[in-house]
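What follows is a short report on a single structure.
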Amino acid sequence: MTQKLFWDDPYQTQLTTRVTGVSGQQVRLEQTIFYAFSGGQESDSGTIGAYPVLEARKDGLDIVYTLAEPHELRVGAVVDVHIDWDRRYRLMRLHFAAEMILQCVYQYCPGIERIGAHIAQDKSRIDFARDGSIAVLFPQLEQAAAGLVNAGSPIITAFEDEPSQRRYWKVEGFATMACGGTHPRTTAEIGGIKLKRKNIGKGKERIEITLA
Ligand SMILES: [Zn+2]
């Protein structure tokens, strides 16, 4: 099974490892820094052995990478893996920004239901089941988010259960949440954020988050 180094060090952008499986344009690696779409966070982009990666997909606890073109990689080959750092860092920050806002919404609206979430490079979004505009919460949410960012609190991540690879993050005095995504080291790294409301249907409210 691929050892996922992006959890130990989400700042690592280069890796030398071995190919452990090849099936047509799909390859598996001994170790990886290349995140595969999960929990609403989009995949990284980058290369394996200089071949662009078209898709990174979770396969159980493993990850399968589809290369964009025919390749000459064989099992046992030593390859360099590179990821696009600008994209990863934006995904990490927008991902945690969305989780900060989500946890604040939970605090202000106990029992509210989250019905969706997506983290892309330019913005993240969270959808809620709610009647009435969620924008009434924005002053409170913006103030709370700014407080967390200014506090520069450590974001601790660890396994909740290692065999099943269930992970969580924790910010002391704020919240704990189950999540297998990549997270910055401190809340300060999120920086300023902007919130925007979208009504996406009856009883459905979306919060869009962008980096300031
Ligand atoms: Zn997360």
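The values are calculated or read from the model by the stated rules, or taken from the named source; none is laboratory data. These figures come from a predicted structure and were not determined experimentally. Cβ: placed from backbone, ideal geometry, glycine included. Neighbour counts: every protein chain shown. Keep in mind that these areas ignore ligands, DNA and RNA; they rest on the heavy atoms of the full protein, side chains included. Shrake-Rupley method; radii C 1.70, N 1.55, O 1.52, S 1.80 Å.
Data overview
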quantity: Residue that is farthest from GLN143 (Cα to Cα), among those in the stretch 153-173 that are of a type outside the set (Gly, Ala, Ser) and assigned to a loop (DSSP other than H, G, I, E, B); calculated: PRO163
quantity: Residue match in the stretch 70-87 (condition: small (Gly, Ala, Ser) and more than 15 Å from the ligand (Cβ to nearest atom)); calculated: yes
quantity: Some residue of the stretch 108-121 being in contact with a His (Cβ under 9 Å, 6 or more places away or on another chain) and open to solvent by less than 80 Å² (accessible area, probe 1.4 Å); calculated: yes
quantity: Flag if THR176 is buried (at least 18 other Cβ atoms within 10 Å of the Cβ), assigned to a strand (DSSP E or B) and within 16 Å of the ligand (Cβ to nearest atom); calculated: no
quantity: Test: residue in the stretch 129-152 that is outside the structural domain of GLN41 (by TED's automatic domain parsing), under 26 Å from LEU61 (Cα atoms) and open to solvent by 70 Å² or more (accessible area, probe 1.4 Å); calculated: no
quantity: Matching entry among ILE101, ILE126, ILE115 (being within 14 Å of the ligand (Cβ to nearest atom) and not in a helix (DSSP H, G or I)); calculated: ILE126
quantity: Subset of the stretch 101-141 (residues that are closer than 29 Å to GLU55 by Cβ and aliphatic (A, V, I, L, M)); calculated: ILE101, LEU102, ILE115, ALA117, ILE119, ALA120, ILE126
